[in-house]
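The values are calculated or read from the model by the stated rules, or taken from the named source; none is laboratory data. Values in this document were obtained by computation on a predicted structure and should not be read as measured data. Because the Cβ atoms are built from the backbone with ideal geometry, glycine has one as well, and the counts that use them run over all protein chains shown. Please note that ligands, DNA and RNA were not included when accessible areas were found on the heavy atoms of the full protein model with its side chains. Shrake-Rupley method; radii C 1.70, N 1.55, O 1.52, S 1.80 Å.
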Amino acid sequence: MSSHAVTTRTQTYRAIVERGILRRTAEFIPPRTGKVFVLTTSDVWEFHGAKLAGRFPHVVLFHPGGEPNKRLSVIEDLAEQMAAAGADRSSLVIAFGGGIVNDGGGFLAAIFMRGIPVIQIPTTLLAQVDAAVGGKTGVNLVSGKNLIGAFHQPLAVLIDPDVLATLPEREYRAGLFEIVKAGIIRSPELFELMANRSHDVLARQPGVVDRIIDESVKIKAEVVTADERESDLRKILNFGHTIGHALEAETKYERFLHGEAVCFGMEAAVRLAQLTGMLGAADAERMIHTFRLYGPIPSLDGIEAGNLFGRLVKDKKTIQGTVHFVLPDRIGNVKVVTGIADAIVLEAIGMALG
Ligand SMILES: NC(=O)c1ccc[n+]([C@@H]2O[C@H](COP(=O)([O-])OP(=O)(O)OC[C@H]3O[C@@H](n4cnc5c(N)ncnc54)[C@H](O)[C@@H]3O)[C@@H](O)[C@H]2O)c1
Ligand SMILES: [Zn+2]
């Protein structure tokens, strides 16, 4: 077992990585807690619900799942169900599922009666290494992803790698790209593990899986602790995300999983770093080679560099029309860069499109 402290303005909590911790969930429910609501999806509940059921009293709430259902109307409906079941200020939400359930459950807890506690139990690789730690919660608008939300830090994040046994291959690989990202932004050791042990990683060999999750959670916990509200340091977590988000939006969130779009975004960012002269060719090729180990991602056919470029300026992270890029200058370190000429950005996107 390993445990990482996340300290924010308001509290300190732990993100714990431990096989079997799901069965110990009750230990993390504070004394004098009222009704406990477990928010999950039907697939996760069927696979893993038995590890929670019967261990402490709770009401199960089902989220329909899927990015198109990551909506305020779904959260309102869940809040009505809670109220009808007698929820009050002493209630607790346990978000038990992938990133959509973690973001939605956290948001539900943030706004129910102006805020009740939440425990995050992420069940996808992506949610374990990224979404569940850090207190960012929310839902999508038709106008864009995650445009409504709140910062709401959990009481604890319980990460049980055992649940990954049932995760579909494609979802698993999508999460691996976020781990490669964590290595590139802050940990050469993690990057080397991903670059050299891909066979074991893809075979979900427990020793290596536990190590890569642990190291990624450690990085996320450190970065969030240093900068809860994404003023500066937390921006480095967006490596690959500026252009990745543009790709997701351009393909209406249908063709690529988030992690796959981030893979593309990282490749474009690596090319951009190379074109601006801040990154050497050897490091660039090594990064791109490593992305390929965990691919392929769906086809990029029909996607125009110009359309992706047009979307960059609309990104939520764009501040007053200035696009910020997070670019590596070596493996394990990134810098936030602005003011890159449009033509160079277009060229980098074109190179990643192939
Ligand atoms: N808050 C943050 O900081 C943050 C960071 C990254 C991503 N996100 C958000 O996370 C979301 C994506 O999360 P995701 O990739 O986990 O997708 P997801 O929540 O849609 O889960 C993917 C699929 O896997 C299923 N599933 C979950 N756990 C399973 C298991 N153990 N076995 C079998 N199936 C399982 C889910 O029901 C779903 O069908 C996006 O909406 C993104 O915006 C948030
Ligand atoms: Zn991401």
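Note on the stretch 164-264: enclosed helices (runs of 4 or more DSSP H) holding 1 or more residues that are within 10 Å of ligand 1 (Cβ to nearest atom) and of a type outside the set (S, T, N, Q) are 169-186, 206-226, 241-250.
Okay, residues lined up against (1) closer than 16 Å to M287 by Cβ; (2) touching a strand residue (DSSP E or B) at 6+ places or on another chain (Cβ under 9 Å); (3) at pLDDT below 95:
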site	(1), (2), (3)
A182	yes, no, no
G207	no, no, no
T242	no, yes, yes
E248	no, yes, yes
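For the stretch 102-122, residues that are open to solvent by less than 10 Å² (accessible area, probe 1.4 Å) and within 6 Å of ligand 1 (Cβ to nearest atom) total 0. Looking at the stretch 225-256, which of the residues that are of a type outside the set (D, E, K, R) and over 25 Å from E347 (Cα atoms) is nearest to ligand 2 (Cβ to nearest atom)? Among residues in the stretch 225-256 that are of a type outside the set (D, E, K, R) and over 25 Å from E347 (Cα atoms), the one nearest to ligand 2 (Cβ to nearest atom) is L233. Restricting attention to the stretch 221-233, does a residue exist that is touching a Lys or Arg at 6+ places or on another chain (Cβ under 9 Å) and more than 30 Å from Q11 (Cβ to Cβ)? Within the stretch 221-233, not a single residue is touching a Lys or Arg at 6+ places or on another chain (Cβ under 9 Å) and more than 30 Å from Q11 (Cβ to Cβ).
Yes/no matrix, rows are residues, columns are (1) open to solvent by less than 30 Å² (accessible area, probe 1.4 Å); (2) basic (K, R); (3) touching a Phe, Trp or Tyr at 6+ places or on another chain (Cβ under 9 Å); (4) touching a residue at least 24 places away in the same chain (Cβ under 8 Å):
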position	(1), (2), (3), (4)
L272	yes, no, yes, yes
E285	no, no, no, no
R292	no, yes, no, no
I297	no, no, yes, yes
A305	yes, no, no, yes
G354	no, no, no, yes
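Would you pick out the residues in the stretch 90-125 that are part of a loop (DSSP other than H, G, I, E, B), more than 16 Å from ligand 2 (Cβ to nearest atom) and touching a residue at least 40 places away in the same chain (Cβ under 8 Å)?
S90, S91, P117, T123
Does E267 fit the bill of being within 13 Å of ligand 1 (Cβ to nearest atom) and either modelled with pLDDT of 95 or more or assigned to a helix (DSSP H, G or I) (or both)? No; evaluated as a whole, the condition is false for this residue.
For the stretch 43-58, a residue qualifies if it is in contact with a helix residue (DSSP H, G or I) (Cβ under 8 Å, 6 or more places away or on another chain) and either open to solvent by 80 Å² or more (accessible area, probe 1.4 Å) or farther than 30 Å from K252 by Cα (or both), and the qualifying residues are F47, H48, K51, L52, R55, F56. Among the residues of the stretch 144-190, those identified as touching a residue at least 60 places away in the same chain (Cβ under 8 Å), over 19 Å from I297 (Cβ atoms) and open to solvent by less than 30 Å² (accessible area, probe 1.4 Å) are G144, Q153, P154, A156, V157, L158, I159, D160, P161, V163, I185, S187.
Listed conditions (1) within 15 Å of the chain's Cα centre (by Cα); (2) assigned to a helix (DSSP H, G or I); (3) of a type in the set (G, A, S) are all met by G134, apart from (2).
Aliphatic (A, V, I, L, M), at pLDDT 95 or above, more than 13 Å from ligand 1 (Cβ to nearest atom) and open to solvent by 20 Å² or more (accessible area, probe 1.4 Å), is that true of I29? First the steps, then the outcome.
On the way: aliphatic (A, V, I, L, M): yes; at pLDDT 95 or above: yes; more than 13 Å from ligand 1 (Cβ to nearest atom): yes; open to solvent by 20 Å² or more (accessible area, probe 1.4 Å): yes.
Answer is yes for this residue.
Within the stretch 69-79, identify whether any single residue is in a helix (DSSP H, G or I), open to solvent by less than 10 Å² (accessible area, probe 1.4 Å), farther than 27 Å from I219 by Cβ and modelled with pLDDT of 95 or more, and answer yes or no. Scanning the stretch 69-79 turns up at least one residue that is in a helix (DSSP H, G or I), open to solvent by less than 10 Å² (accessible area, probe 1.4 Å), farther than 27 Å from I219 by Cβ and modelled with pLDDT of 95 or more.
Only one residue in A127, A95, A109, A84 is of a type in the set (G, A, S), at pLDDT 95 or above and more than 22 Å from the chain's Cα centre (by Cα). Which one?
When all the criteria are applied, what remains is A84.
Of the numbered criteria (1) in contact (Cβ under 8 Å) with a residue 60 or more places away in the chain; (2) in contact with a Ser or Thr (Cβ under 7 Å, 6 or more places away or on another chain); (3) within 11 Å of ligand 1 (Cβ to nearest atom), the one N140 fails is (2). Scanning the stretch 287-305 turns up one or more residues that are in contact with a Pro (Cβ under 9 Å, 6 or more places away or on another chain) and part of a helix (DSSP H, G or I).
Answer yes or no as to whether Q128 is away from ligand 2 (no atom under 16 Å from the Cβ) and either surrounded by 21 or more Cβ atoms within 10 Å (Cβ to Cβ) or in a helix (DSSP H, G or I) (or both). No, not satisfied.
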